[in-house]
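Only one structure is covered here, and it is reproduced in the block below.
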Amino acid sequence: MGWQVIAFESELEADWKEVLAKATNATLMHQRSFLAYHKKRFHDASLILYRGDRPMAIFPAHREADQVFSHKGLGYAGLIHRPCSFDQEVQLYLQLLRYYEAQGVARLQIKATPSFYSKESTESLPYIMHLAQAEIRQMELSLAIKLPLKVRHKGRKANILQAKRSGLQVVEEGEVELFWDTLLRPNLKKRYQKKPTHNKEQMQYLKEWHPDNIRQFMVYQNGIPLAGATVFFTPNCLHTQYLATNVAGRKQHALDLLIDYLCTAQAAGRKYLDFGHSNECGGRKINRDLFRWKESFGAIPFHHSHYNLSTGAWRHLERVYQWKNDPMDA
């Protein structure tokens, strides 16, 4: 059976979904309905890789001049594939790079999906990038809580217990507007002089398209909002896309209660809660206070690498083995 690498078109969405359903490292961000949100900003260059007639992998990407990115509009992307051997994964990257080179693409930049999103080990990826002589363009340090939650920090444990005794109520909401207007935007502006990556209309649009994957939680006391979180649900993780509280919420430890609630009442067999990174300046600096706050819940660090490589690197991968048989037949 031969290889086919085909540029994504809407007629191939069923094949894209088939890979997502079988892949070990697929998440919400790789769905076409999520990528469609960016269609006006980026020139899509996504691919589907086939072995014979069987879709084996997808590659969410966009093109700018002679470079392809996977993906500037997403927190992470890269090659999303069915369970496969190391040899097979090497062959997938070889075929992908060779295709892009033939299309006049000179460089490929990959923002890899963090390892804890995968159901299986992803330790092979850094080595494949090494074989392809890729450069690490940027590296961040993501922090994730391994579930079930085990808080060992005495102060954090006391805060959670106090919040539970204070009559605070966690509520799931259908709209994000209250969170954006009363907590998120004011908090980011005051503490960091920043705005959310998404405005409330954009997030509400994404939430309505993915109601099971994007959910909004609020913490109230006597009907007054104290804290909130916009949470992305993926097969292996919960990701707190946005977290915010106010002065009253900090005094009542509302975020402590909310994190505990997400890790217990909403985990549903997932293995991690992803806090995201606490980096600044392209990963070269760390917001120490934010980093330590996440660590106090038992969160542990995972590197998140951004790779830059030549599309001609498929030749390096071709020379890794003296191929006696096609690895896809193994």
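Every number in this text was worked out from the coordinates using simple rules, so none of it is lab data. Note that the structure is a prediction, hence the values are computed from the model and not measured. Here the Cβ positions follow ideal geometry from the backbone for every residue, glycine too, while neighbour counts run over all protein chains shown.
Would you compute, from DSSP H runs of 4+ residues alone, the mean residue ellipticity of the chain at 222 nm, taking -39500 (n - 2.57) per run and dividing by the full residue count, rounded to the nearest 500?
Rounded to the nearest 500, the figure is -8500 deg cm²/dmol.
Within 15 Å, Cβ to Cβ, of residue 246, how many net charges do the neighbouring residues add up to if Lys/Arg are +1 and Asp/Glu are -1?
Neighbour charge sum, excluding residue 246 itself: +4.
Please work out how much length the chain gains when fully extended from residue 202 to residue 14, using 0.36 nm per residue of separation minus the C-alpha to C-alpha distance, in nm with one decimal.
65.1 nm
Among rounded, prolate and oblate, which fits region 148-270 when a ≥ b ≥ c are the square roots of the eigenvalues of its C-alpha gyration tensor, a/c under 1.5 means rounded, and a/b larger than b/c means prolate?
It is oblate, given that a/c is not under 1.5 and a/b is not larger than b/c.
Name the residue farthest towards the positive end of the dipole of the chain from the options 219, 129, 266, assuming +1 on Cβ of Lys and Arg, -1 on Cβ of Asp and Glu, about the Cα centre.
Value computed over the given set: 219.
Might you report the magnitude of the Cβ-based charge dipole of region 148-270 about its Cα centre, with Lys and Arg at +1 and Asp and Glu at -1, to the nearest 20 debye?
For this selection, approximately 880 debye.
Just to verify a number: FRET efficiency for residue 120 and residue 222, C-beta to C-beta distance, R0 = 45 Å, to 0.05?
Numbers: r = 47 Å, r/R0 = 1.04.
Efficiency, from the Cβ-Cβ distance: 0.45.
By per-residue mean of other Cβ atoms within 10 Å, what is the highest-first order of 37-48, 86-97? Could the numbers behind the result be given before it?
On the way: 37-48: 15.9, 86-97: 21.2.
Order by mean packing, descending: 86-97, 37-48.
Just report the Cα centroid separation between region 11-26 and region 217-248, whole Å.
Using only Cα atoms to place each centre, the spacing works out to 30 Å.
Computed FRET efficiency, Cβ-Cβ of residue 165 and residue 315, R0 45 Å: what is it to the nearest 0.05?
Efficiency at R0 = 45 Å is approximately 0.10.
Using 0.36 nm per residue of separation minus the Cα-Cα distance, give me the extension gain between residue 138 and residue 268 in nm, one decimal.
Stretched out fully, the residue 138 to residue 268 stretch lengthens by 43.5 nm.
Below 8 Å between Cα atoms, with a sequence gap of 6+, how large is the relative contact order for the chain in percent?
So the answer I get is 24 percent.
Once the Cα atoms of helix 254-265 and of the chain are each reduced to a long axis, what angle between those two axes, in degrees from 0 to 90 to the nearest 10, is obtained?
It works out to around 50 degrees.
Enter the angle in degrees (range 0 to 90, nearest 10) between the Cα long axis of helix 86-102 and the first principal axis of the Cα atoms of the chain, meaning the one along which they spread out most.
80
Could you tell me which residue out of 320, 50, 240 lies farthest along the dipole of the chain toward its positive end? Charges go on the beta carbon: Lys and Arg +1, Asp and Glu -1, centred on the Cα centre.
240
Considering only Cα-Cα distances, which of the following residue pairs are longer than 20 Å: 251/285; 190/251; 146/194; 200/271; 164/207?
251/285; 146/194; 200/271; 164/207
Assign unit charges at the C-beta atoms only (+1 for Lys and Arg, -1 for Asp and Glu), then state the dipole size of the chain relative to its Cα centre in Debye, rounded to the nearest 20.
So the magnitude is around 1640 debye.
What is the packing order of peptides 7-19, 262-274, 58-70, taking the mean over residues of other C-beta atoms within 10 Å and listing the highest first?
For the peptides 7-19, 262-274, 58-70, the packing ranking is 58-70, 262-274, 7-19.
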